[in-house]
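S.K.: Here it is: the structure, laid out below.
Please treat every number below as a calculation from the coordinates, not as lab data. Only a predicted model underlies this, so the values are computations on that prediction, with no experimental measurement involved. No Cβ is skipped: glycine too gets one built from the backbone with ideal geometry, and neighbour counts run over all protein chains shown.
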Ligand SMILES: [Fe+2]
């Protein structure tokens with residue numbers, strides 16, 4: 001294969017690996033030029049043949065005991081608290097992550113500073129929705145880390161994002177941090193090794209033998225209905241990377257009708273055990289518990305890299321045979337992401 005690009009991670013400047021790759025290629029144009037034969041509406045739902053949900057769930061429970069369970073480190077608080085509402089353990093990790101964090105907690109948020117009570121105001125929650133809608137989250141956090149709260153005000157103004165709270169004090173203390181996006185939580189391709197938990201039991205068998213693509217930032221994801229609170233769902237709105245960078249595969253292991261996924265403008269959907277799901281995660285979306293409930297939703301959330309493979313010896317991401325040639329949705333449908341699947345073409349269930 002000719003003209004297939006490759007990227008040594010040691011050549012990457014101080015920015016995320018995937019943004020560096022995007023800047024040097026016409027990957028976005030290549031993606032835009034491909035018309036998939038299968039389209040999400042708004043989800044693609046498929047069955048994974050011979051996937052033993054109970055066995056995988058048991059190995060997730062075993063891993064919790066052995067390797068721990070970590071709540072998400074809120075993006076929205078200066079305190080290093082992990083929330084009991086959303087958490088799990090990392091399936092992948094980056095050995096060069098730029099701040100101290102246990103391997104099995106590393107795909108569950110990163111410490112934030114300089115936001116103070118920004119997200120405790122109604123104006124802040126509203127602004128967050130616009131920040132995500134405009135896909136400005138990583139830039140927003142970079143300014144928080146490196147410049148503090150006052151430059152955030154300018155950032156919001158420059159991007160036409162309203163912050164309707166004239167009493168808010170923008171002069172609060174600034175703790176400078178060198179933390180850049182590189183080797184941070186948003187450095188999606190930095191998360192390139194399976195954690196110990198992800199190598200063990202039926203979970204390890206599945207990830208090693210059935211998943212055909214390189215995984216990037218991935219986790220087991222629990223939502224705990226007992227930790228429900230009234231504003232959690234408003235802060236769960238978010239977007240993920242373009243699917244040609246990171247195609248998310250969501251596999252429910254345990255759930256109840258209390259847990260929903262909402263894609264903005266497409267209503268809510270209840271994911272079911274026995275299926276796996278993918279969709280356009282660049283659309284603003286959220287998962288949440290509708291009401292307090294004595295139950296937990298447990299999913300695998302796999303970030304798969306459709307168009308690059310990784311060589312650990314040369315520390316190089318290199319374009320694979322699908323690069324610019326096959327739409328990531330068609331890769332799923334043809335078993336190039338998870339081996340042995342069957343797409344459910346009559347799957348859409350809305351409210
Ligand atoms: Fe997401």
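S.K.: Take 216, 261 and order them by how many other Cβ atoms sit within 10 Å, fewest up front.
M.R.: Ranked by crowding around the Cβ, least crowded first: 261, 216.
S.K.: Based on DSSP H runs of at least 4 residues, each adding -39500 (n - 2.57), what is the mean residue ellipticity at 222 nm of the chain after dividing by all its residues, to the nearest 500 deg cm²/dmol?
M.R.: -6500 deg cm²/dmol
S.K.: Set the Förster distance to 30 Å, then compute FRET efficiency between residue 99 and residue 134 from the Cβ-Cβ distance, nearest 0.05.
M.R.: Efficiency at R0 = 30 Å is approximately 0.65.
S.K.: Order 304-312, 120-128 from most to least packed using the mean count of other Cβ atoms within 10 Å.
M.R.: Final packing ranking: 304-312, 120-128.
S.K.: Shape call for region 1-142 from the C-alpha gyration tensor, a ≥ b ≥ c root eigenvalues: rounded (a/c under 1.5), prolate (a/b greater than b/c) or oblate?
M.R.: It comes out rounded by the Cα gyration axes.
S.K.: Could you work out how much longer the chain between residue 30 and residue 315 gets when fully extended? Use 0.36 nm per residue separation minus the Cα distance between them, nm to one decimal.
M.R.: Length gained between residue 30 and residue 315: 100.1 nm.
S.K.: Using 0.36 nm times the number of residues separating residue 193 and residue 14, minus their current alpha carbon distance, what extension gain do you get?
M.R.: Full extension from residue 193 to residue 14 adds 62.4 nm.
S.K.: Subtract the Cα-Cα distance of residue 54 and residue 268 from 0.36 nm times their separation in residues, and report this length gain in nm to one decimal.
M.R.: Result for the pair: 74.5 nm of gain on full extension.
S.K.: Same structure again: Residues of region 196-221 with amide nitrogen under 18 Å from the 7 Å Cα-to-Cβ point of residue 339?
M.R.: Taking a point 7 Å out along Cα→Cβ of residue 339, the residues of region 196-221 whose backbone N falls under 18 Å are 199-215.
S.K.: Also, quick follow-up: For the pair residue 147 and residue 234, what calculated FRET efficiency results from E = 1/(1 + (r/R0)^6), where r is the Cβ-Cβ distance and R0 = 25 Å, to the nearest 0.05?
M.R.: Once the sixth-power term is evaluated, E becomes 0.45.
S.K.: A further question follows. Under the classification rounded if a/c is under 1.5, otherwise prolate if a/b is larger than b/c and oblate if not, where does the chain fall, given a ≥ b ≥ c as square roots of the Cα gyration tensor eigenvalues?
M.R.: Rounded shape, in that the Cα axes give a/c under 1.5.
S.K.: Go through 316-329, 36-49 and give me the packing order, highest mean Cβ count within 10 Å leading.
M.R.: Order by mean packing, descending: 316-329, 36-49.
S.K.: With r defined as the distance between the Cβ atoms of residue 47 and residue 226 and R0 fixed at 25 Å, what FRET efficiency is calculated, to the nearest 0.05?
M.R.: Efficiency, rounded to the nearest 0.05: 0.25.
S.K.: Any idea how far the Cα center of region 99-152 sits from the one of region 235-289, in Å?
M.R.: Computed from Cα coordinates, the inter-centre distance equals 21 Å.
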